[in-house]
Amino acid sequence: MRRALLALALTCALAAPAAARTDANVPNRPAPPVAADGAYLGSDALHPLAGRAASTAAAVYAVPLPAGAVELDSTYYDFQDFGSLGARIVVGPDDRVHVVWEDDFCELTGVCPPNLAAPNPYPLRGMNYAWRDASGLWTHAGRVGDATVHCSQCAPADPSGGFGTVSLLPNGEACVGQHANEDGCSERGDFYLQRSVGGNTWKDQLTPITDPSYLFPQVVAQPSGACVVLGETPYTSSNCVHCGTSDFRVSTFASAYGTFSCPTGWQGGAWTAVKSLITFQSTYGYAGFPSMAVGSDGRVGVAVTDFGHNVWLVQSSDGSFAPATITKRNITYYSDAAITAADSTSTQWRPYVHCDVAYLDTVPHVVWSELQARKVGTAIQYFDWRSRIEHWSPDRGVETVYQVPAGVADGYDNIDNGLAGPLAGFNTISVDWPQVGFSAEGLETYVAWDGFTDAYVDPVATEGLPGICTGTGFGDVFASVTRSGEGWAAAQNLTQTPWTDERYFALSQRNTGGLAHLVFQASATNEAGSMVVGDRPSGTYVRRIGYLERRLAASVVGVPEAVALAPVLRTFPNPALGRVRFALPQGSHASGEVEIYAVSGARVARLPLSLATTAGWDGRDASGRALGSGMYLARVAGAVGGAPVKFMLVH
């Protein structure tokens, strides 16, 4: 499982003066609103968690999905985190939305809920696939698999799998990665090619069987129709299971339409090392969880963190990862020597294990999460204190998208300091699981992440550590937006469901209409962590798969002309010759400034505006330089939900 099993150092946290993260497998998190006996003390006295003690069984309650979300499915299987750092949602050029998720398919076995005492409770586990057309109609194509690839020299095995991602060929056919063993020989990461656009039959494309196996596949389709599969070998030690990757490699497919021939005629090329191109400095020399994406020119990039040290991007110009095609770069240049403070006054933060990469045309963008780094004695340790989400692109460099402010998630530092406290969930910190995408025309960059707060904690979920873990947090999905020449907008809570736990989301690389397009996993009851192995006692919990399109308040693109979101500016005349004027509608309560944007997304001017006056603009930018004739957008600065208006200025 891609999560940490709490280390011995954490088990002894109460006895130790400090139990900080010295490695990726040791969680740390926030003090919840609970008393010493575990009773919930939150301000929402009407909520069923109020007064609920951690030591007693309590009723659970159905909770809603985020407003506007569509429930695609539900599953009893919980390993949704595998492969989530690759693409599990794609919005195609034809505006079809393609999503995949891991499912137990118990309805096909007739055993729902699954029998956890059975040798294999999930014999048909695998990837589920659905797509939505431009009119909003969903088609559920069902289980991804190809039952025709068994060979006589291999005993047919359970065709179970999962942990995959989705990509699109140029003709619109979907490619779905899946950790599988359908040839009956061995597990490994493969991908499945949709036999027709929108269809429900698949053709397996197999990678070579090796020892060790390369699992948890991510697949990307190149503009040429070739494909690349990334596979991982999990890192396991005496105190953690799958807390990182000991190796990751790629297998390339010259075409997605190759035919397998028994016994070893795999369509995929030999596994080619990527991890060996990087010098990892973490204690055990293992990597975080890699992410892969493809550019419009066919280049393929793999981003990965070195826990506590640096972030890397390795690119192959043609996806082969042959030596002559490779460029690699340090995205960060952190140094241990800079870490000197032993407490929360430290000004140093270092990468955690999760990152994501996506391409805007040919330009890579990488995001990752970071913890605070402190030097305690002679050792460097990592604390979930003021954790943050970072972004890098070649043109902008490294920048902070969001950093946890005071009072939001202070308690997540407790366990690090030898105190009792809640946890966000195994292998998760207070802001984590970052994803990056773009508006459809490329004018805006979107970054989303899972966030946890001190205010919403389930005290019953002690993660098997009563007396140490005082509860598990409820996750919400947040996002921020930026444009060329601008900073990152204030964080926006996209889900806003305090008592529903949303995790393991994926953000589409392409997002239409100023909307973030998400697929995510959510609890069905007010039980935080009920979809996560280890957060609660084992059981057959229902996990819902949701799809959400959420308007990004800071976006200035893609707003339909007919939408009237107050306050909306009036522009006159339109088109305007030489000078345009703006006014607020009668009865509006807004004032402040008007922001003017070029269609490139860059802000070019700001104008003062009050309720009693209009504002005029003569087409000059902030430095007084005359801009050209063309289409521009204007909106009231800081007006949440304010729709931008388009106008034409002619000189």
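How many of the residues in the stretch 365-390 are farther than 26 Å from residue 424 by Cα and surrounded by 22 or more Cβ atoms within 10 Å (Cβ to Cβ)?
Total meeting the criteria: 1.
Could you check, for the stretch 533-545, whether at least one of its residues is modelled with pLDDT of 90 or more and of a type in the set (Gly, Ala, Ser)?
No, the stretch 533-545 contains no residue that is modelled with pLDDT of 90 or more and of a type in the set (Gly, Ala, Ser).
Residue by residue, here is whether (1) within 23 Å of residue 70 (Cα to Cα); (2) open to solvent by 10 Å² or more (accessible area, probe 1.4 Å); (3) not in a strand (DSSP E or B) holds:
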site: 477; (1), (2), (3): yes, no, no
site: 496; (1), (2), (3): yes, yes, yes
site: 518; (1), (2), (3): yes, no, no
site: 530; (1), (2), (3): yes, no, yes
site: 539; (1), (2), (3): no, yes, yes
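Counting just the residues of the stretch 601-624 that are modelled with pLDDT of 85 or more and open to solvent by 70 Å² or more (accessible area, probe 1.4 Å), which one comes out nearest to residue 583 (Cα to Cα)?
The selected residue is 606.
Could you check, for the stretch 391-412, whether at least one of its residues is open to solvent by 20 Å² or more (accessible area, probe 1.4 Å), more than 25 Å from residue 492 (Cβ to Cβ), more than 23 Å from the chain's Cα centre (by Cα) and of a type outside the set (D, E, K, R)?
Checked the stretch 391-412: no residue is open to solvent by 20 Å² or more (accessible area, probe 1.4 Å), more than 25 Å from residue 492 (Cβ to Cβ), more than 23 Å from the chain's Cα centre (by Cα) and of a type outside the set (D, E, K, R).
Which of the residues that make up the stretch 552-600 are modelled with pLDDT of 70 or more and open to solvent by 60 Å² or more (accessible area, probe 1.4 Å)?
570, 572, 573, 574, 575, 577, 579, 581, 593
Residue by residue through the stretch 434-475, note down the ones that are among the polar types (S, T, N, Q) and assigned to a strand (DSSP E or B).
435, 439, 445, 470, 472
Conditions tested, residue by residue: (1) over 15 Å from residue 218 (Cα atoms); (2) open to solvent by 10 Å² or more (accessible area, probe 1.4 Å); (3) assigned to a strand (DSSP E or B).
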{"position": "243", "(1), (2), (3)": "yes, no, yes"}
{"position": "252", "(1), (2), (3)": "no, yes, yes"}
{"position": "255", "(1), (2), (3)": "yes, yes, no"}
{"position": "276", "(1), (2), (3)": "yes, yes, no"}
{"position": "302", "(1), (2), (3)": "no, no, yes"}
{"position": "315", "(1), (2), (3)": "yes, yes, yes"}
{"position": "329", "(1), (2), (3)": "yes, yes, yes"}
{"position": "346", "(1), (2), (3)": "yes, no, no"}
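What do you reckon, is residue 428 in contact (Cβ under 8 Å) with a residue 12 or more places away in the chain and either in a loop (DSSP other than H, G, I, E, B) or under 17 Å from residue 526 (Cβ atoms) (or both)?
Here the answer is yes, as residue 428 does meet what is asked.
Does residue 504 count as assigned to a strand (DSSP E or B), within 16 Å of the chain's Cα centre (by Cα) and at pLDDT 95 or above?
Considered against the rule, which asks whether it is assigned to a strand (DSSP E or B), within 16 Å of the chain's Cα centre (by Cα) and at pLDDT 95 or above, residue 504 comes out as no.
Using beta carbons and a limit of 9 Å, which pairs, at least six apart or on different chains, have the first residue in the stretch 220-234 and under 14 Å from residue 173 (Cβ atoms) and in contact (Cβ under 8 Å) with a residue 40 or more places away in the chain and the second one among the basic types (Lys, Arg) and in a loop (DSSP other than H, G, I, E, B)?
If the second residue must be among the basic types (Lys, Arg) and in a loop (DSSP other than H, G, I, E, B), the pairs left are 222/299.
Enumerate the pairs (first residue in the stretch 113-131 and touching a residue at least 60 places away in the same chain (Cβ under 8 Å) and farther than 18 Å from residue 74 by Cβ; second residue anywhere and among the basic types (Lys, Arg) and open to solvent by 40 Å² or more (accessible area, probe 1.4 Å)) with beta-carbon separation below 8 Å, excluding pairs fewer than 6 apart on the same chain, so at least 6 apart or on different chains.
131/96
Against the definition (open to solvent by 10 Å² or more (accessible area, probe 1.4 Å) and either assigned to a loop (DSSP other than H, G, I, E, B) or modelled with pLDDT of 95 or more (or both)), how does residue 296 come out, yes or no?
Judged against the criteria, residue 296 is a match.
For the stretch 634-646, what are the residues that are crowded, with 21+ Cβ neighbours inside 10 Å and either modelled with pLDDT of 85 or more or in a strand (DSSP E or B) (or both)?
634, 635, 636
Exactly one of these conditions fails for residue 356: (1) surrounded by 14 or more Cβ atoms within 10 Å (Cβ to Cβ); (2) among the charged types (D, E, K, R); (3) modelled with pLDDT under 95. Give me its number.
It is condition (3) that residue 356 fails.
Among (1) touching a Lys or Arg at 6+ places or on another chain (Cβ under 6 Å); (2) assigned to a loop (DSSP other than H, G, I, E, B); (3) of a type outside the set (A, V, I, L, M), there is one condition residue 382 misses while meeting the rest; what is its number?
Only one criterion is unmet by residue 382, namely (2).
The values are calculated or read from the model by the stated rules, or taken from the named source; none is laboratory data. Only a predicted model underlies this, so the values are computations on that prediction, with no experimental measurement involved. Virtual Cβ from ideal backbone geometry, glycine too; neighbours counted across all protein chains shown. Heavy atoms of the whole protein, side chains included, go into the accessibility calculation; ligands, DNA and RNA do not. Shrake-Rupley method; radii C 1.70, N 1.55, O 1.52, S 1.80 Å.
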